[in-house]
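Before any comments, here is the structure.
Computed from the coordinates by the stated procedures, all read-outs in this text should not be read as laboratory data. As the structure is a prediction and not an experimental result, all values here were calculated from the model. Using ideal geometry, Cβ is built from the backbone for each residue, glycine included, and neighbour counts are taken over all protein chains shown.
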Amino acid sequence: MKKLFHFVFVVLFLFSCAEKKPVPNPQVLIDADMAFSDYSVQHGIQKAFIEFADDSLVLLHDNEMPIVGKQNLIRSYEGKSDSGVVLIWNPAKAIIAESGELGYTYGFWKLIAKQDTTQGTYLTVWKLNEKGQWKYIADTGNEGLGK
């Protein structure tokens with residue numbers, strides 16, 4: 001019985017000493033989201049959404065079926081132009097899961113067209129890929145902040 005007690009004590013001691021991985025600073029997601037927005041301004045909306053997308057993305061737009069997968073996103077842009085339109089956004093907050101592999105950002109966006117400006121809110125879900133890059137796996141937004 002004494003040996004069993006010592007064995008259980010040693011096992012519990014070893015498991016209690018297991019080191020937890022530190023959760024990445026949420027600033028890394030803010031930085032990724034800002035880089036995404038900057039890329040949109042510099043290269044266009046379509047190129048940005050393709051460049052920062054994970055292969056398994058889900059994109060949700062009002063009154064449309066979800067776009068699932070990066071290849072379907074690319075196909076959805078065929079024959080469409082985003083010239084003359086600028087989409088910019090600013091994350092308000094980022095959260096990263098304890099696992100360090102998933103997180104989300106939310107904030108405010110502005111779409112500037114020739115004579116019209118629309119504003120709203122957004123939510124983007126991010127995944128850390130095997131190369132150590134944050135790519136978005138889900139994105140959605142809402143209009144409604146006025147002009």
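Quick notes
- When every residue of segment 96-116 is checked against the conditions, at least one turns out to be buried (at least 16 other Cβ atoms within 10 Å of the Cβ), farther than 21 Å from Gln27 by Cβ and in contact with a Leu (Cβ under 7 Å, 6 or more places away or on another chain).
- Scope segment 54-71; condition loosely packed, with under 14 Cβ neighbours inside 10 Å, out of contact with any Leu (no Cβ under 8 Å at 6 or more places or on another chain) and not aliphatic (A, V, I, L, M); matching residues: Asp55, Ser56, His61, Asp62, Asn63, Glu64, Gln71
- Residues (touching a strand residue (DSSP E or B) at 6+ places or on another chain (Cβ under 6 Å) and either within 19 Å of Ala35 (Cα to Cα) or among the hydroxyl-bearing types (Ser, Thr, Tyr) (or both)) located in segment 103-119: Gly103, Tyr104, Thr105, Tyr106, Gly107, Phe108, Trp109, Lys110, Leu111, Ile112, Thr118
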